[in-house]
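The values are calculated or read from the model by the stated rules, or taken from the named source; none is laboratory data. Here the structure is a predicted model, which means the values were calculated and not measured. Glycine gets a Cβ as well: all are built from the backbone with ideal geometry, and neighbour counts include every protein chain shown.
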């Protein structure tokens with residue numbers, strides 16, 4: 001059996017002693033704004049595709065429950081509505097920036 005290492009050996013000073021000190025900001029390789037928008041639009045497209053597929057399957061085959069079709073259609077509708085709201089806010093922000101006096 002090995003002994004448990006003291007807390008100070010893990011990160012220098014104990015956490016209680018470091019509370020008032022500024023913490024270093026980790027450099028993350030996060031996604032950019034364009035990447036986030038692209039991922040969101042891909043999700044909207046996926047939900048639309050799923051709803052379309054379920055509607056086609058429901059029309060051709062009676063084994064697909066109507067509640068699944070309704071739920072998929074509502075998810076797709078809400079996703080499109082959210083995407084339109086985001087687009088509207090982005091356009092409003094762009095117009096506001098363009099109308100600013102320098």
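Observations, loosely collected:
- Considering segment 54-67, and only residues there that are touching a helix residue (DSSP H, G or I) at 6+ places or on another chain (Cβ under 9 Å) and loosely packed, with under 13 Cβ neighbours inside 10 Å, the residue that is farthest from residue 81 (Cα to Cα) turns out to be 63.
- Condition met for residue 73 (on the phi < 0 side of the Ramachandran plot and at pLDDT 95 or above): yes
- Test result for residue 14, in contact with a helix residue (DSSP H, G or I) (Cβ under 9 Å, 6 or more places away or on another chain) and modelled with pLDDT of 90 or more: no
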